[in-house]
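In what follows, a single structure is set out as structure tokens and then discussed.
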Amino acid sequence: MQIFLYNTLTKQKEEFKPINSQEIRMYSCGPTVYKDATIGNMRTNIFQDVLRRVLKYNGYKIKHAMNLTDVGHLVSDGDEGEDKMVKSAKEENKTPLEIAEYYTKLFFQDLERLNIETPEIVCKATAHIKEMLEFVEALVEKGYAYETSTAIYFDISKLDKYPILSNLDLENQKAGARVNIDTEKRNPYDFALWIKAPANHLMKWDSPWGPSYPGWHIECSAMGQKYLGEQFDIHTGGIDLIPTHHENEIAQSKGRCGKVPANYWLHGEYLLINGGKMSKSLKNVYLLKDIIEKGYDPLTYKLFCYSCHYRNKLNFTWEGIEATSKSLERLRNSYKINVNGTDELTSQDIERLNKIEENFHKAINDDLNMPLAMSYVWEVARFEKKSPKVAKMLAKFDTVLGVEVDKVVLDNINEEIPQKILNLVEQRRIARESKDWAKSDELRGLILQNGYTVKDTKEGQVLIKCSK
Ligand code: AMP
Ligand code: ZN
């Protein structure tokens, strides 16, 4: 079946045609590992996970690379201010390496809790200084870059066209925010490829220009090329990356290889909180752990994200999470009831189910239309007849949803398990994962008080309803 994706490069939905149908090559801009990832950041990761899963649903193999920015991302996207890693290290009285390790671990813990697949390649900037330096040197040699007293800049006037991804209006924005930064720049929109380090700077490397460190954009051009080649299929990120980071990544790759590095550029929209921006001053910066601490299964948030297309703004509310939590419970209960169902399906039933499956497939292939796809998931979940064949179809859909429709391993239970118990079981799983045995025992006690015992098996926790 054809796949259609909205391409920011051409500003239209296009049929997806891979370079090599044996393997899709895809790159995602990963986090700057200097602070906790928010549920907003996670929305972007969920969108990227759905894309991977949809490609796999269509039978493709994937080679997906994601970077971790652990150097070079300055406080302002316009090459101004301190390095975010260095600033955070000073504030937390740690080394940049400790900061990177700490937040990288938390980031991957969130991905795991959201059942987000880890990309085949995870690459961090500080491990690719050599590749980045080579890239910058090649750009200088080809005349696309020049040295000033503070940095090596990319000269955008050397390109046939800039910008090509975003709608920056260079002429009218000359008086804009990024203009009066460095008088040595040849053009206001020239950006730093490599930055000369002040004497006491924490992260710096030897280079032909003395002790220095990379600019933010060069890592993605260098690592993308190293792991996926000069030209690959898909590049993804959050919508905020379009005008600076991705525009400049394209500029760098065009300078070095004469090519736009990816054919399809996909961008996820922002998550809003109660209709507005997430911000520290409004005290509405939520992390996944806030959702878990309120007793929700973290996959509730993933399912919540499917209520909105990835290219539209999504408004987060606790009421929305509460309602989605009930939906997740209903979905899992439908799976459980169908696994044990004994209804015979007629050929008409099978035909109906196959039609729903086709519609689900069409929806996910139509630029990842998850709200529409979910309507077909519910048609199956609410199918009048209860049969393992229905459960099998839900499990197939779950290869895209990744919300673990079959989550809790059950024993002797033929009725719906209250969500409260499922939440306790999930919290206990998390406690065990972090080897918090005291908490795990405490939760076991709570589960018992509510009439269930929990056994630990190789397959995970098994719930058993206590006889009265
Ligand atoms: P930041 O931590 O703000 O640097 O964000 C890292 C990446 O996460 C950004 O480039 C965005 O693509 C994405 N992101 C940040 N905030 C949100 C949000 N509220 N909704 C969706 N994606 C976001
Ligand atoms: Zn990037």
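The values are calculated or read from the model by the stated rules, or taken from the named source; none is laboratory data. If you're wondering where the values come from, they're calculated on a predicted model, not measured in any experiment. Neighbour counts run over all protein chains shown; Cβ positions are idealised from the backbone, glycine included. All accessible areas refer to the heavy atoms of the entire protein, side chains included, with ligands and DNA or RNA removed. Shrake-Rupley method; radii C 1.70, N 1.55, O 1.52, S 1.80 Å.
Ranked by the mean number of other Cβ atoms within 10 Å per residue, highest first, peptides 186-192, 23-29, 439-445, 299-305 order as 299-305, 23-29, 186-192, 439-445. Legend: calculated FRET efficiency, Lys396 to Ser76, from the Cβ-Cβ distance at R0 = 35 Å, rounded to 0.05, equals 0.15.
In what sequence, highest mean first, do 259-272, 338-351 appear when ranked by Cβ atoms within 10 angstrom?
Peptide ranking by packing, descending: 259-272, 338-351.
Taking every protein chain into account, the accessible area of the chain amounts to 45 square angstrom per residue (probe 1.4 Å).
Taking the Kirkwood radius as Rh and the Cα radius of gyration as Rg, the chain has a ratio of Rg/Rh equal to 1.02. For helix 318-339, report the angle its Cα long axis makes with the longest principal axis of the Cα atoms of the chain; keep it between 0 and 90° and round to the nearest 10°. Helix 318-339 sits at roughly 50 degrees to that axis. Accessible surface of segment 282-364, 1.4 Å probe: 49 percent of it comes from carbon and sulfur atoms. Structural descriptor for the chain: relative contact order 16 percent, calculated from alpha carbon pairs under 8 angstrom and at least 6 residues apart. For the peptides 308-317, 160-169, the ranking by packing is 308-317, 160-169, with the highest mean count of neighbouring Cβ atoms within 10 Å listed first.
Cross-link partners of Lys87 among aspartates and glutamates, defined as those whose alpha carbon lies under 19 angstrom from its own and excluding same-chain residues fewer than eight positions apart: Asp36, Asp70, Asp77, Asp79, Glu98, Glu101. Subtracting the Cα-Cα distance of Tyr270 and Asp169 from their residue separation scaled by 0.36 nm leaves 34.1 nm.
Relative to the current alpha-carbon distance between Arg186 and Thr150, full extension at 0.36 nm per residue lengthens the span by 11.6 nm.
Of the beta bridges in the chain, as assigned by DSSP with both residues counted there, near 50 percent are antiparallel. Dividing the helix sum by the residues of the chain, where each DSSP H run of 4 or more adds -39500 (n - 2.57), gives a mean residue ellipticity at 222 nm of -13000 deg cm²/dmol.
Charge tally around Lys283: other residues with Cβ under 13 Å, Lys/Arg +1 each, Asp/Glu -1 each, net +1.
Expressed as a whole percent, the accessible surface of segment 6-113 that belongs to carbon and sulfur atoms is 46, based on a 1.4 Å probe.
Under the simplified labelling scheme, the Glu344-Leu282 pair shows an inter-label distance of 5.9 nm, with each label point 7 Å from Cα along Cα→Cβ.
If I model segment 35-153 as equal point scatterers sitting on the Cα atoms and use the Debye formula, what is log10 I(q)/I(0) at q = 0.12, 0.15, 0.17 Å⁻¹? Values returned for q = 0.12, 0.15, 0.17 Å⁻¹ are -0.62, -0.89, -1.05. When a 1.4 Å probe is rolled over the protein heavy atoms, the share of accessible surface on segment 157-272 that falls to carbon and sulfur comes to 49 percent. List the pairs from Lys355/Lys385; Lys35/Lys84; Lys362/Lys385; Lys56/Lys336; Lys355/Lys407; Lys302/Lys407 whose alpha-carbon separation is above 18 Å, in the order I gave them. Exceeds cut-off: Lys362/Lys385; Lys56/Lys336; Lys355/Lys407.
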